[in-house]
Amino acid sequence: KKNIEVLRTDRESRAVITDAGASLAGLAEALNLPEPPQTLACFDISNFQGKDSVASLSFFRHGLPDRRQYRKFRIRAYAEADDPAMIHEAVSRYLQNAINEGLALPDLIVIDGGPTQLSRALDAARALNAPVRMVSLAKKLEEIYTAPDADPLRIPHAHPSLRLLQRLRDEAHRFVIGTHRA
């Protein structure tokens with residue numbers, strides 16, 4: 001009986017990895033990337049009635065969560081809710097730390113939000129000369145913005161690559177909400 005459980009768990013984990021590979025390949029195709037992104041990070045902002053703002057970063061490696069790389073950032077510069085400015089602060093701090101520590105940057109950074117949040121995140125990366133690819137994922141219609149002034153991409157809702165981005169974003173959201181609950 002124990003061997004059957006081990007085999008079942010092994011098959012399930014291989015299926016998840018195979019699905020992740022297909023999702024990453026589809027994402028590379030949709031975003032015109034030269035190769036599938038192996039590391040993905042996502043930023044989300046949360047506040048409690050406009051106060052106590054916190055940013056979170058979820059991190060996926062090979063399409064699966066790598067919780068050791070998750071980060072929280074207490075927003076220092078803004079007392080009132082301003083998501084684009086807070087995204088700028090969190091992305092700046094994350095990239096500056098990665099540069100200072102000589103760490104590899106993610107292959108793709110996803111910003112929870114629309115073109116305004118993406119614009120501010122790109123400003124942060126440009127100010128630090130950080131060569132990183134960024135997109136944003138807007139919740140309402142699940143549109144992907146590849147540039148602040150470009151029309152959004154719309155990937156079918158059942159497509160594995162969109163579901164991967166949604167899982168990444170949902171993990172960032174879950175992680176930051178947990179901070180406020182604590």
Out of (1) open to solvent by 30 Å² or more (accessible area, probe 1.4 Å); (2) touching a residue at least 24 places away in the same chain (Cβ under 8 Å); (3) in contact with a Leu (Cβ under 8 Å, 6 or more places away or on another chain); (4) among the polar types (S, T, N, Q), the one S161 does not meet is (1)
The correct count of residues that are in a strand (DSSP E or B), of a type outside the set (D, E, K, R) and under 14 Å from the mean Cα position of the chain (by Cα) in the stretch 115-172 is 7
Going through the stretch 57-83 in order, the residues found to be over 14 Å from the mean Cα position of the chain (by Cα), closer than 21 Å to A125 by Cα and either part of a loop (DSSP other than H, G, I, E, B) or modelled with pLDDT of 90 or more (or both) are I75, R76, A77, Y78, D82
Within the stretch 84-105, of all residues that are open to solvent by 40 Å² or more (accessible area, probe 1.4 Å) and not in a loop (DSSP other than H, G, I, E, B), the one farthest from R61 (Cα to Cα) is H88
For the stretch 170-182, pairs from a residue that is closer than 7 Å to S56 by Cα to a residue that is surrounded by fewer than 20 Cβ atoms within 10 Å (Cβ to Cβ) and modelled with pLDDT of 90 or more, with Cβ under 8 Å and 6 or more apart or across chains, are F175/Y70; F175/K72; V176/K72
Just one listed residue, out of L108, L141, is open to solvent by 40 Å² or more (accessible area, probe 1.4 Å) and among the aliphatic types (A, V, I, L, M), and it is L141
Within the stretch 27-68, restricting to residues that are out of contact with any Ser or Thr (no Cβ under 7 Å at 6 or more places or on another chain) and of a type in the set (D, E), the one that is surrounded by the fewest Cβ atoms within 10 Å (Cβ to Cβ) is E35
Reported set for the stretch 131-158 where residues are farther than 26 Å from S92 by Cβ and without any contact (Cβ under 8 Å) to a residue 60 or more places away in the chain is K140, L141, E142, D151, R154, P156, H157, A158
* Scanning for something at pLDDT 95 or above, assigned to a helix (DSSP H, G or I), under 17 Å from T146 (Cα atoms) and touching a helix residue (DSSP H, G or I) at 6+ places or on another chain (Cβ under 7 Å), does the stretch 33-56 turn up at least one residue? -> no
Output for Cβ contacts, cut-off 8 Å, separation at least six or different chains, first residue farther than 23 Å from A138 by Cβ and in contact (Cβ under 8 Å) with a residue 12 or more places away in the chain in the stretch 92-111, second of a type in the set (S, T, Y) and not in a loop (DSSP other than H, G, I, E, B), reads A104/T39
Of the residues in the stretch 112-130, those that are in contact with a Phe, Trp or Tyr (Cβ under 8 Å, 6 or more places away or on another chain) and either free of Cβ contacts under 8 Å to residues at least 40 places away in the same chain or open to solvent by 30 Å² or more (accessible area, probe 1.4 Å) (or both) come to G114, P115, L118
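The values are calculated or read from the model by the stated rules, or taken from the named source; none is laboratory data. Note that the coordinates shown come from a computational prediction; the quantities given were computed from them, not determined experimentally. Every residue, glycine among them, receives a Cβ derived from its backbone with ideal geometry; neighbour counts consider all protein chains shown. Areas reflect the complete protein model, heavy atoms only, side chains present, ligands, DNA and RNA absent. Shrake-Rupley method; radii C 1.70, N 1.55, O 1.52, S 1.80 Å.
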